[in-house]
Every structure is written in structure tokens, then in C-alpha cells.
1. In region A:97-114, is there at least one residue being in contact (Cβ under 8 Å) with a residue 40 or more places away in the chain, assigned to a strand (DSSP E or B), more than 30 Å from residue A:38 (Cα to Cα) and in contact with a helix residue (DSSP H, G or I) (Cβ under 9 Å, 6 or more places away or on another chain)?
2. What are the pairs with Cβ atoms under 6 angstrom where one residue, in region A:271-283, is within 8 Å of residue A:252 (Cα to Cα) and the other, located anywhere, is assigned to a loop (DSSP other than H, G, I, E, B)? Sequence gap at least six, or different chains.
3. Output the qualifying pairs, or none if there are none: Cβ atoms under 7 angstrom, residues six or more apart or on different chains, first residue in region A:388-411 and surrounded by fewer than 18 Cβ atoms within 10 Å (Cβ to Cβ), second residue among the charged types (D, E, K, R) and outside any helix (DSSP H, G or I).
4. Any idea how many residues of region B:411-459 are touching a Ser or Thr at 6+ places or on another chain (Cβ under 6 Å), modelled with pLDDT of 85 or more and more than 14 Å from every other protein chain (Cβ to nearest Cβ)?
5. Residues to consider are A:155, A:184, A:159; find the one that is in the same structural domain as residue A:58 (by TED's automatic domain parsing), of a type in the set (D, E, K, R) and either modelled with pLDDT under 95 or surrounded by fewer than 22 Cβ atoms within 10 Å (Cβ to Cβ) (or both).
6. When you look at residue B:377, is it more than 22 Å from residue B:458 (Cα to Cα) and of a type outside the set (Lys, Arg), yes or no?
7. Against the definition (under 26 Å from residue A:83 (Cβ atoms) and either modelled with pLDDT of 95 or more or assigned by TED's automatic domain parsing to the domain that holds residue A:129 (or both)), how does residue A:253 come out, yes or no?
8. Where residues in region A:377-401 are within 14 Å of another protein chain (Cβ to nearest Cβ) and at pLDDT below 90, which of them is nearest to residue B:371 (Cα to Cα)?
Amino acid sequence: MSEDVKRFLDRLSERSANRGPEPSWIAARRQAGAARFEALGFPHRRVEEWKYTDVRNIARGDFVLAKEAEFSPATAATLALPLDAHKLTFVDGIFAPRLSDLADLPDGVQLLPLSQALENNHEAVGGPLGRLTGVDFSPFAALNTAFMEEGAVLRLAPRTVVEKPIVLQFLSRAGEQPVMSHPRILIEAGARSEATVIEHHTGEVAAANFTNLVEEIMLDRGAILTHYKLLESPEQDSHVASMHMELRRDSRFTSFNLCLGGGLVRNDLVSELNGEGAEVIYQGLFHAQGRQHVDNHTLANHNSPRVRSWENYKGILDDRARGVYNSKVVVKRDSSKIVAEQHSANLLLSDRAEIDTKPELEIYNDDVQCAHGATTGQLDEEAVFALRSRGIDEQTARGLLTLAFAGEVMEQVGLDVVAERVELAVAGKLPDRYHLAGLVEAAVALNED
Amino acid sequence: MSTQEMEQLVQREYKDGFVTNIESETLPPGLDENTIAFISNKKGEPEWMLEWRLKAYRQWLKMTPPSWAHLDYPPIDYQAISYFSAPKRPEDRPQSLDEVDPKLLETYEKLGIPLHERAALAGVAVDAVFDSVSVVTTFKAELLEAGVVFCSISEAIRDYPELVKRYLGSVVPQADNYFAALNSAVFTDGSFVYVPEGVVCPMELSTYFRINAENTGQFERTLIICEDRAQVSYLEGCTAPMRDENQLHAAVVELVALEDAYIKYSTVQNWYPGDENGVGGIYNFVTKRGDCRGDRSRISWTQVETGSAITWKYPSCVLRGKDSIGEFYSVAVTNGRQQADTGTKMIHIGEGTRSTIVSKGISAGRAEQAYRGQVKVGPRAKGARNFTQCDSLLIGDQCGAHTFPYMEIGNSTAQVEHEATTSKIGEDQLFYCRARGISEEDAVNMIVNGFCKDVFQELPMEFAVEAEALLNVTLEGAVG
């Protein structure tokens, strides 16, 4: 066992010693996670799945578990999305009731922190927890399982339509010693239910913590779920997350994976399309600068005939940032009449930035229409010229076009608050040379034209 | 596709399968330093060459076979392979076709390659490799007049040691990969081409390979060097006789293009693919790499892959020179139980380098095929440009087609585009043809040929005709 692995496992034993009484099954699952993590160790770059992402900074980190969830309400208010929503907030992985809003939950909606569900041995957790994300998925999933105790549980009764969005907010604090958290999100959408979930990661600028998230989402027949992941973590934060979706007949899952923050980010999105008519839509946008590293892996397993997947990821990379985009479409032998599309476009703003893309297709059936397109390049010079011919200076023109590039994903976002926030963030991250101040004016002038 | 047609396809036997009995001087199976010394000695090689081989062998011992490819085959017993087999009488090789063993000529007849006719009519010089030793080289004199050296690698080691020393292993180093290391240790023959400065090779150079004696692997080593402003087009084609035991074929091809040089390398590969259970086919593990060393140099790979039980092959271009160009055009057809993991690598190092990748995969029966490609743009490759298109056509619901493209872009002025599609033959296209009185089989052939047109266009004329015929034969009964 390497020292790194041992350090993490030591933290686990410290924690286990302080836990109160719990149902026996949860302890057994944690043990399985710990054993698996011990066997696997941290992934290294010789493993194909981690070819472009070096996690040594996480492995070598000395992270502790947070003990309380104190957070300045004023700071929290500035960080939060200005939305009328049902809300669970976690500070460094610990549930913060004062920053949460669980009043007026409509009938048919169960939303509670995982700790509470475990304490009550809630029916929503025993069976489903760990059903989609096994400890074999990755060393990080195993590590999460070993530590799992907090997170969010959302359960929608059949035919429940939730009007207000559901926000799961994760705040990262700056402190003397970096902390780690291993949140677990469990969502079960009953037949023909409908909801929008926003997972929002943000925090204090100086924070340098490690979040290791596992999310399991089950959609029953005809359920419609829109999921936003807005990652605005501090630039020193490390964020590793895996999301597993299971889609039954005629259900639809839409994911907006919007990565703006975090020093080291790794997202794994895995969909199991198990029933006819199921559809998954992956929309993604990442904008990285400085030495940020953003790695997005998506996988769509077409396990049933007549299922559909659609994917569009856009990346903007500046300075010495590095982006990784790996998407995979798998069509099983008996899955006919499959339509799958992957699109990826990347914009490099600096010569020291790098993007590694790998859109994969693994097809075992002939009755399919699968396509992918991936491009990496610069702004269209003709478009720059078109703007310049209207009297906009070159730098502003480039800034506008970069925003428009991101806009192709943003215009699909149904929630204005999220869309505006991301647009502003993208604009804010643009290099100074793009004359930010002029951007808005120019946009207004163009619209008036 | 109807079941009946499927069965027809499955039962189709390899058309070019037969074994010619020519006495071979074959080494017993096994590989150690003595084997290598024997090969080197047999070839009358100088000391440095033996050392070079042994160095490769020692590296190889430390390596493990690659396991990342999307291929499934039992482990290969490298001690069960015989590493040398040469037709007897190596000293008195025939100088013209009249002196060639009639049995060999007969073999070519059976393959439908009338060597003499082809050589005379098409003006193609043929360095026919029968098993491992070149037995006939024609038009040598004519080429020499132009200053082009075209001979077997063994002759080159003897006659042009300086050139060989300088370039051998400079593109594919001995320890580049498992199979390249093995090849470096035990290669027995292959072609050597040297085109001096400013010379445009007056004819297309062509080699036909045949694997013959049973239980022997073939380890060809090809080295092509084009000096400044030189040009050459090289054709490689292969068929192999039917046999029961799996045969290993681990070739290495190295191309070096200096300033303004242009090398076009075309392959039609039709090794024996194995019977309906995939037994007995050729294992084809090939390392092909071109190095565009000079500014404005250009290397173009065109391949039509229809044979082999296992294909592991990634013809690549290292684009070092400023404004150099790399091209890869490929049609790969897998049928029965064939497996292919093939593609290319384009490494952009120099400024203004450009590359084009067009890959067409057709998978039928129970075959598995994967395109695996890498486009890498280094930080100094300003204005690098790549266009990649890889399309897969699936025929039948038991086959697989996979795409694994790697794009690693480290320059903001680079422009990289990748497109891929996977689908079956369009019902509407078929219907359109059928409605105009075209039979189903013809319609499918037409559509498949149209699908591959972008690549066939790149083949030299003779090969294009052959490739189209080969495609139709390979897919016979597979479509409908």
C-alpha cells in the first residue's frame, strides 16, 4: 500500500472510530469501498482512462474531513444563484441547515440530506445507494463509497412535476488545512415525473480543497430530468465526480455540464439507456485558464433498441490550461435503430494551452446512425472581418465571437439565471486584450443595427 | 441481408489459397541469439548489422506485447516460429524471368498476376519476394540509369552499407514497439529504395509478397529514402496461400523524405483471413512510419486492407519539416471473423504542416474493426492543419465497427477537424437503385465502391482496378 493510499485510509479509520450507531449494511458497503480503494490505489497516467490527467496533487494532499459547517451568510448570499428554489447546502461536505431551504416541498417530493436518510434508514437509500456506481468504477468511486455519509437524496413520486428548481449547493471554505469531502447524490425520478436539478459548486477564493463526488440518477418510465452542473469552484480546488444515469423507457435526461472553476477537474458521465425511447442529451461547456485542468469523460451505453443520445461539448482554453474531452458511444449487439451524435469544438486562445480530445464510437449493430465531429481551431477570420467592417475593433470582435462560441451551448440553457451567470463568467475570464468593457456596448449596438 | 446469403458468405473459401512446394532451407522453430547470428551469417552481413540485430533482440526480451488494441487473439508462441526460410540456390538467382522457377511463375499465374506481361506492359519493375529472399528483380538496369537504387534490403546492406547505417532504424527505432523490435532482430528481407537528389523515379516500383513455407513468419524490412526534390511511388501487394496454423507477419516500413521530396506508398493487402471460424489466418502486425524530414516534403500512405485474421497497423507520418504534408487514405474490409485495429498517426512538429486522413471501414459477417488514429500538434507547429474523416459501414448485425481518434492539440493556431460516421448501407440508396432496375448485389457493390471512392482515387491506376475487384470479391454474398 502506498503512503498516499495509507494516509487516506488512516483518515477513514479516524472517522469510523467517531461514528455513532448505524444500520449494518452501510458499514459493510463502506468497508467494500475501502478494500477496493486499497487494492486499486490512485490511478496513474498509464491507465487509458487517466491518460491525460495526473491526480498526484490529490494523492499527495493531506486532506482532513471538515467538522462543522460554519459559513458566513453574507458570503453565501453573494455566491448563491439568485433563484427561488428548494435547496440543500453543504459546506465542505457537511450539511448546513441554515443555508438550506426545505420549506414548502410539494407533495411527492422527498428531498433530504443523506446523513438524515441513513440515520432513519430511509427506504430511498438502502436499495439504490451504490446500485449504479459500484466500487469498481474507479478508485475515486471506491474512495467515495468508503467515506460516504453525507450528500443529497431526492425522490420524486410518479407523476410529480416540480415547478421550482432544486438546488444542491456545495461550498468550499478557505482554511489552514485543506479538507476533503465525499458527497453522494442519489436521485430517483418516478414514472412521468419532471424536475430540474442544479448542482452548484462554489466557494471562497482561497480555498484549496478536494471534492470527490458520486452521483446516481435513476429515471423511471417517461421521467424528464434536467440537470445543471455549474462548477465555479475556487481555482485551487480539486474536483473529481462521477455521474451515473439509468434511463428507463421513454425517459429523458439532459445534462448541462458547465465547468468554469476548479484547479483540477475530472467529470465522468455515464448513461445506461435501458428502455426504448430513452434519450440522453449531454451539453457541455468548459472555460479554463491559468493552469486549470478540465477533464470531461462521457459515456452513453445504448443497451436497448430505439434509444438516442446527443452530445455537444465546447471548450475554451487560455494560458497554460489543459482540456480533455473523451466521449464514448457504445451500441450493444441487439440495440438496433440507434441514433447517436457527438459534437465537440474547442478554441485555443494561447499557444501553451492544450486540448486532448477522443470521441470514440464502439458499435456492435449495423442498424445505427452514429456520427461524431470534433474540431479544434481559432475564430473564423471571416467572422472577425465581418464585425470589423461594421466598425468594431479587432479585439472586441474576437471577444464577441468567443462569447458567441460559448453561446451555442448557453442558448440551450432554459434557466436565464444560469445562462446569464455563465455568460458573465465566460466574459470575465476572457483575456484583457479582448476589451471587455467594449463588449456589452458592441453587443447592444449590433442588436440595434 | 438474407440468411442464405449470409451462409454463402461464410462458406466462401479463400480464392487464392494454395501452397507451392519448393524446397526451403528452413530453420527449426525457436528464437535466441544463435538464431539471429544464423540469419545474419546466412545473409553474409557485416558485424555491425549483427550487433544492431542483437541490440534489438535484447530490447525485445524486455518488452511485453501490446494489449491496448481492440483485438482478441491467443498469445503468440514466439519459440514456435521458424525465423528463416529461403528458397534453395540463393547464389544463382535468376537474372531474368526466363530463369525463374516455373513453379513460381505458375504461382503468380494462379494469383492472376502475369508477372512478365505486367512488367512489360505496365512498365513496372517488380522485386518479387518469394518467402524471404528476393528471387527476381527486373528493370534494375533501367532504374540504375536514372540513379535509383531498388534492391532487396540484404543487397543494400552489402552494397550500400553507409546509407543503410545512416537510415535504418532512424524512423522506427529498434525498441519502438514490441513487433518492431522483433522485426529488427530477425528481419530476413524486404526492399530498399534510394532516390537521389532531384530524381523523379521513372516508373512505379512494386513488390509482391508471398508467404510460402509453412510455419514461417515473415519479417520484411523496407527502407525508402528520397533525397531533396526526389519522387517515388511504391506499390506493395500481398496474397498468401491457405494454411492451418496462424502465421505471424511483423513488417517494418521506414520512409524518409528530405526537402521537397515526395513518397507515395500504396498497399493492397490480401493475406489469408482464416476459415469460417477464423482459424489459420495471418496475423499482421506492421509498423509503418514515414518521416518528413525536409521542408515541403510529402508522404502519402494509401492502403486497401482486405485480408489477415488480425491486422494491427498504423502507417504514420512524422511531420518535422516546415510545410510538410502527410496523407493517409485507407479502405479496410473485414469479413468472416477477421479483426482489424488500424489507423494512423500524424505528428505535427514543424510549422505549417498539413495532414489529411480519410479512412473507410467496412465490417461484415462477424468481423470487428477499429479505427485508431492520433493527431498530435506540438507547440511549435504553427498553423498546422488536419482534416480527418473516418466512416464505417456495417453489413450484418453481428459485426462491429469502432472509432478511437486521439487528438492532442497544443498550438492555438492549429486547425484540426475530425468527422466520423457509422451506419449501414442506406435503405433509400438501395431502394433508389433497385427502382431503376439495378440488381441488389450490383447496387450494393456500387454503393460500397462509392463509399470507398475517395481512397481508390488515390491509388495508382493498376492498383485501383485490382482494389475494386478485390473489394467486390471480399464482400461477395455479404451484402443484400
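The values are calculated or read from the model by the stated rules, or taken from the named source; none is laboratory data. Remember, predicted model here, so these are calculated numbers, not experimental data. All Cβ positions, glycine included, derive from the backbone under ideal geometry; neighbour counts span all protein chains shown.
1. Within region A:97-114 (the criterion being in contact (Cβ under 8 Å) with a residue 40 or more places away in the chain, assigned to a strand (DSSP E or B), more than 30 Å from residue A:38 (Cα to Cα) and in contact with a helix residue (DSSP H, G or I) (Cβ under 9 Å, 6 or more places away or on another chain)), the answer is yes, since at least one residue qualifies.
2. A:278/A:251; A:278/A:307
3. Cβ pairs passing all conditions: A:408/A:314.
4. First, pick out the residues of region B:411-459 that are touching a Ser or Thr at 6+ places or on another chain (Cβ under 6 Å): B:412, B:416-418, B:420, B:422, B:458-459.
Imposing the further condition that a residue be modelled with pLDDT of 85 or more reduces the set to B:412, B:416-418, B:420, B:422, B:458.
With more than 14 Å from every other protein chain (Cβ to nearest Cβ) added as a condition, the list becomes B:458.
The number of residues fulfilling the criteria is 1.
5. Details: A:155 fails: either modelled with pLDDT under 95 or surrounded by fewer than 22 Cβ atoms within 10 Å (Cβ to Cβ) (or both); A:184 fails: either modelled with pLDDT under 95 or surrounded by fewer than 22 Cβ atoms within 10 Å (Cβ to Cβ) (or both).
The conditions single out A:159.
6. Numbers: more than 22 Å from residue B:458 (Cα to Cα): yes; of a type outside the set (Lys, Arg): yes.
Yes; evaluated as a whole, the condition is true for this residue.
7. Values: under 26 Å from residue A:83 (Cβ atoms): yes; either modelled with pLDDT of 95 or more or assigned by TED's automatic domain parsing to the domain that holds residue A:129 (or both): yes.
Yes.
8. Among those residues, the one meeting the criterion is A:377.
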